[in-house]
Structures are given as structure tokens and as C-alpha cells.
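Colleague: A single structure is presented below for examination.
A short reminder: the numbers here are calculations on the coordinates, not readings from a lab. If you're wondering where the values come from, they're calculated on a predicted model, not measured in any experiment. Positions of Cβ are backbone-derived with ideal geometry, glycine not excepted, and every protein chain shown enters the neighbour counts.
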Amino acid sequence: MTYCVGLLLNDGMVLLSDTRTNAGLDNISTYKKMFTFEEAGERVITIMTAGSLSVTQTTIAQLHEAMDDPEANAETSIMQAPTMLKVAEIIGRTLCNVRQDIDMKMQAAKVSTSASMIVAGQRKGGGMRMFLIYPEGNFIEATADTPFLQIGEHKYGKPILDRVVRPETTLVDARKAVLLSMDSTLRSNLSVGMPLDMAIIRDGSLTIEESRIEANDPEFTKMSEAWSNALREGFTKIEI
């Protein structure tokens, strides 16, 4: 399994994913779940994936193939689509087709082919947009009322997001919020694991700031310990 989270804020977007793939207790691997597409000054797109690895990898491969096709156009390539809504439609259609194709081949083995994605980005002249794409290809969009989206093992990291994330949250605080959300998930679910991939897209910059947080990263470890101490201290102060 995995955990991916994306925040859509007034100042920009912050996205974080883990890299663990779990096919059983004795078959744990590391695979990248965040994929970025950038045409400097024109458009930026980030895709995070959760679910069947064969489905998500094939979907990403087909998106790349469509981009490189000499006959690529606004209906087939996410790098030529006129809007982020159209980008979401192309990705949703591709994901649905791949899932259905693999599902037909895997029915006898009764293997899950469910997969979902978070798509975030901005094109020149347009606003920032973020979508959660379901296995069937349909999607929902992040809004001011719900400025974050999650896929995978999301329940452990949701409480802190519900309490602190608002559209006006700064990118510095947003970065801290997604890391603490991930820390809570890491502590409660072994199917989510390091290293972590992060992307920050500042509104209007049309560039992606990418970073990787490795296991035993001193900054992440310090933050995790501080959060644990703060929770314990807050718990002891509550009177009932």
C-alpha cells in the first residue's frame, strides 16, 4: 500500500508520497509513486499513485507514450491539453482503460487491480487545480472547503489535516502539516514507508521544487520526536 497527500493553498500546492510497495510480509520493495511533468514557463503537472503497481506503472508509461507520439494532440497528450480539467480527463480515461485491460487478464487469479491517483498542476494563464482520480476514471476536485486530497492509507494522517489546513495556510506550515500527517501514518501502518518524495509548486511559478527525504533524515526525525512530545504533553494537561 502507500500514502499520498496533496494540499491546494492560496500560495501554492504541496504534495508528499511514500515509496513502499507491499506484496506480503516477505516482499516489500521501494517504488517511486510521484511523477512530475514540466515545461518551464508553460505548465507543470504532478501525479501521485496508489494501488496496483502494474496498473499505475502501465498508466504512467502510456501517458509518456502519448506525449512522445508524433501525432500527439490536445485530446491525447497531457502536455498539450488546454486546461488542467482536460489533463484530468486524459489521465482518468487512461487509468480506466489500463485497469479494465489488466483486470480481464487477472480475474482468474483474483488479484486486485484497483488504483487511484492525485493529479495537481497549473498551466500558463490558468489557476492551480488538484484532482483525485478514481479507478473508474471519474474524479473530484480539491476546493476551498476541502483543500487537501489523500489516497492510499489516508485515515491515520487525516486528523491533523482536518485541524490545521486551510486555504490561507502558508507553504512552510503546509510542508510541516504533510510531514506530520505522513509521520502519523508511518507509525500506525507498516505498509507505508520511507523514503518520501515531496513536490512544492508555488502559484504562478510554473516550476516544481522536488526533494527526497531518506530514512533517518535528521530534520524529519527531529520533527517526529517534537510532535510526539507535544502530543504527550498536551494529553497530560487535559482534565476530565
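Colleague: In nm, give the distance between the simple-model label positions of Glu71 and Ile238, each being 7 Å from the Cα along the Cα-to-Cβ direction.
Modeller: Taking the two extended label points, one gets 6.2 nm.
Colleague: Sticking with this structure for a sec: Please arrange Asp68, Asp145, Asp197, Asp173 by counting, for each residue, the other beta carbons lying within 10 Å of its beta carbon, fewest first. Present the calculation step by step, with values, prior to reporting the outcome.
Modeller: Values: Asp68 10, Asp145 6, Asp197 21, Asp173 15.
Ascending Cβ contact count within 10 Å gives the list Asp145, Asp68, Asp173, Asp197.
Colleague: While we're on this one: At a Förster radius of 35 Å, what calculated FRET efficiency corresponds to the Cβ-Cβ distance of Asp203 and Asn97, to the nearest 0.05?
Modeller: On the way: r = 33 Å, r/R0 = 0.93.
Using R0 = 35 Å, I get an efficiency of 0.60.
Colleague: Taking a cut-off of 12 Å between Cα atoms, list the aspartates and glutamates near Lys32, but don't count ones fewer than 8 places away on the same chain.
Modeller: Within the straight-line cut-off, Lys32 pairs with Asp18, Asp197.
Colleague: In degrees between 0 and 90, to the nearest 10, how far off the longest principal axis of the chain does helix 53-68 point, with axes built from Cα atoms?
Modeller: Here the helix axis deviates by roughly 50 degrees.
Colleague: From the phi of every residue in segment 227-238, what ³J(HN,Hα) in whole Hz does the Karplus formula 6.51 cos²θ - 1.76 cosθ + 1.60 yield, where θ is phi - 60° and glycine or proline is x?
Modeller: After applying 6.51 cos²θ - 1.76 cosθ + 1.60, I find 5, 4, 5, 5, 5, 5, 5, x, 4, 5, 7, 6 Hz.
Colleague: Measuring from a point 7 Å past the Cα of Ser211 along Cα-to-C-beta, which residues in segment 138-181 have an amide N at less than 14 Å?
Modeller: 171-180
Colleague: Rounded to the nearest 500 deg cm²/dmol, what is the calculated helix-only ellipticity per residue at 222 nm for the chain, with -39500 (n - 2.57) per DSSP H run of length n ≥ 4?
Modeller: Calculated at 222 nm, the ellipticity per residue is -11500 deg cm²/dmol.
Colleague: Here's another thing I want to ask about it. Projecting each Cα onto the charge dipole of segment 3-234 (Lys/Arg +1, Asp/Glu -1 at the beta carbon, about the Cα centre), which of Thr207, Val164, Ala144 comes out farthest on the positive side?
Modeller: My answer, from the dipole projection, is Val164.
Colleague: Let me ask something additional. May I ask you to derive the relative contact order of the chain, considering only C-alpha pairs under 8 Å and at least 6 residues apart, and to give it as an integer percent?
Modeller: Details: 464 pairs, mean separation 68.2, N = 240.
Across the chain, relative contact order equals 28 percent.
Colleague: Name the residues whose placed amide hydrogens come within less than 5 Å of the amide hydrogen of Ala115, ignoring near sequence neighbours (fewer than 5 apart) on the same chain.
Modeller: Close amide H contacts, sequence-distant or interchain: Ser52.
Colleague: Rank the residues Met223, Met48, Met13, Met34 as a footprinting-exposure proxy: fewest other Cβ atoms within 10 Å of their Cβ go first. Walk me through the numbers on the way to the answer.
Modeller: Details: Met223 15, Met48 31, Met13 27, Met34 23.
By the 10 Å Cβ count, ascending, the order reads Met223, Met34, Met13, Met48.
Colleague: Give me the net charge of Ala144's neighbourhood, meaning all other residues with Cβ under 10 Å from the Cβ of Ala144; Lys, Arg count +1, Asp, Glu -1.
Modeller: -1
Colleague: Straight-line reach from Lys176: which aspartates and glutamates fall under 12 Å, measuring Cα to Cα and dropping same-chain residues less than 8 apart?
Modeller: Glu219
Colleague: Under 5 Å between amide H atoms, partner at least 5 residues away or on a different chain: which partners does Thr2 have, H built in plane at 1.01 Å?
Modeller: The answer is Gly51, Glu153.
Colleague: Report the Cα centroid-to-centroid distance between segment 205-240 and segment 29-80 in angstrom, as an integer.
Modeller: About 31 Å separates the Cα centre of segment 205-240 from the one of segment 29-80.
Colleague: Please enumerate, by chain and number, the aspartates and glutamates with C-alpha under 18 Å from the C-alpha of Lys105, excluding those fewer than 8 residues away in the same chain.
Modeller: Lys105 reaches Glu136.
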